[in-house]
Amino acid sequence: MYELWKNGWYYTMALPGLLFFIVFSYMPLPGIIIAFKDYRFTDGIFGSKWVWFDNFKFFFSSEYAWKTTFNTLFINANYIIFGTFFAVVFALLLNEIRNGLLKRLYQSLMFLPYFFSAIVVGDFVYLIFSTKFGIANQLLALSSKAPIDWYSSAQYWVSILVGVFIWKNTGYAVVMYLATIVGIDGELYEAAALDGANRWQKIRFITLPLLVPTIIILTLLSVGKMFYGDFQTIYSIVGDNGLLFATTDVIDTYVFRAVKSVGDISMPAAVGLYQSVCGFITVILCNWAVKKYNNEHSLF
């Protein structure tokens, strides 16, 4: 009680966030049982017939189950690796800019794509990779190279999706890494300067080691979502183009198409439970591995 009285305003500021998670993350939890029922709206959640694991057969008996799982993990692994790399690099570069006006300008320009809707992003990608009018094929023509039918060539699209993800989300991640860098004690840099350290040596021996805990925590949080595809962006770009499904069809897009044709919410609930359980296990294993490396850097 003393803690609540002493820091009451801080706890009050956290209240909207707590309410959000309680309402949208914890209160719907009883709905998990839909995954084990033949849900009928007229019977309600608790009155519908139990079918146990029959809803899981819809996904795991299909030929796409393991393919979409692989695509989801592969695309998300690329998101995490390249997204973290570019966010750290750009945060370090921004921190080295001494002109405050330019620093804020570059940061705002990097942050801007984060606010674009998935539909706008899909249109941008089409403007670049359209077979007839796209900028990519016009650049190939200027280089005397043959145009590529991008929307029929699945082998290019993992790289394109990863590039779009980096362009859209790097600015947001940079803010978090830059906040950590700004919080580093300036006396460490002054002491290093007195010892004759140059800028690169300060980054290598001070900034990067102190940035490691933030990198690990953000990576662990991202790992928890590895079984979820970036549905909005991927579907707005790929749509129902079956020629690209070999490399771009993730669990979420497959389930969305299945629900459109079947119209049963019990089956996607079963797949959602599969994604959540696998994500939870992955976080536990990764956190265990981090704890083995350094106990202070683990989430719990």
Among the residues of the stretch 147-164, how many are among the polar types (S, T, N, Q), out of contact with any Leu (no Cβ under 6 Å at 6 or more places or on another chain) and assigned to a helix (DSSP H, G or I)?
2
Subset of the stretch 1-59 (residues that are out of contact with any Ser or Thr (no Cβ under 6 Å at 6 or more places or on another chain) and among the β-branched types (V, I, T))
T12, I22, V23, I32, I33, T42, I45, V51
Candidate set from the stretch 263-276 (those that are in contact (Cβ under 8 Å) with a residue 40 or more places away in the chain and not small (G, A, S)); member that is nearest to L29 (Cα to Cα):
L273
Among the residues of the stretch 26-46, the number that are open to solvent by 90 Å² or more (accessible area, probe 1.4 Å) and either part of a helix (DSSP H, G or I) or in contact with a Cys (Cβ under 6 Å, 6 or more places away or on another chain) (or both) is 2
Please enumerate the residues belonging to the stretch 273-288 that are open to solvent by less than 50 Å² (accessible area, probe 1.4 Å), more than 19 Å from W52 (Cβ to Cβ) and aliphatic (A, V, I, L, M).
V283
For the stretch 141-168, how many residues are over 16 Å from L243 (Cα atoms), out of contact with any Phe, Trp or Tyr (no Cβ under 6 Å at 6 or more places or on another chain) and among the aromatic types (F, W, Y)?
1
Do you know which residues across the stretch 236-266 are at pLDDT 85 or above, part of a helix (DSSP H, G or I) and among the aliphatic types (A, V, I, L, M)?
I237, V238, L243, L244, A246, I251
Does the stretch 211-234 hold any residues that are more than 10 Å from the chain's Cα centre (by Cα), hydrophobic (A, V, I, L, M, F, W, C) and under 26 Å from V182 (Cβ atoms), and which are they?
L211, V212, I215, I216, I217, L218, L220
Among the residues that make up the stretch 220-228, is at least one of them open to solvent by 50 Å² or more (accessible area, probe 1.4 Å) and within 30 Å of D195 (Cβ to Cβ)?
no
Going through the stretch 47-95 one residue at a time, which ones are more than 30 Å from A154 (Cα to Cα), of a type in the set (D, E, K, R) and surrounded by fewer than 14 Cβ atoms within 10 Å (Cβ to Cβ)?
K49
Listing of helices (runs of 4 or more DSSP H) fully contained in the stretch 51-141 that carry 2 or more residues being touching a residue at least 40 places away in the same chain (Cβ under 8 Å) and among the polar types (S, T, N, Q)
65-96
Considering only the stretch 208-218, I want to know if a residue exists there that is assigned to a helix (DSSP H, G or I), in contact (Cβ under 8 Å) with a residue 60 or more places away in the chain and among the polar types (S, T, N, Q).
no
Selected residue [at negative phi and in contact with a Leu (Cβ under 9 Å, 6 or more places away or on another chain)] from F86, F60, F70, F56:
F56
Being open to solvent by 20 Å² or more (accessible area, probe 1.4 Å), out of contact with any strand residue (DSSP E or B) (no Cβ under 9 Å at 6 or more places or on another chain) and not hydroxyl-bearing (S, T, Y) is the filter here; which residues of the stretch 244-268 pass it?
F245, A246, D252, F256, R257, V259, K260, V262, G263, I265, M267, P268
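Only one residue in F280, F227 is part of a loop (DSSP other than H, G, I, E, B) and in contact (Cβ under 8 Å) with a residue 12 or more places away in the chain, so which one is that?
When all the criteria are applied, what remains is F227.
The values are calculated or read from the model by the stated rules, or taken from the named source; none is laboratory data. Since this is a predicted model, take the numbers as computed values, not measurements. All Cβ positions, even for glycine, are placed from backbone atoms using ideal geometry, and neighbour counts span all protein chains on display. Heavy atoms of the whole protein, side chains included, go into the accessibility calculation; ligands, DNA and RNA do not. Shrake-Rupley method; radii C 1.70, N 1.55, O 1.52, S 1.80 Å.
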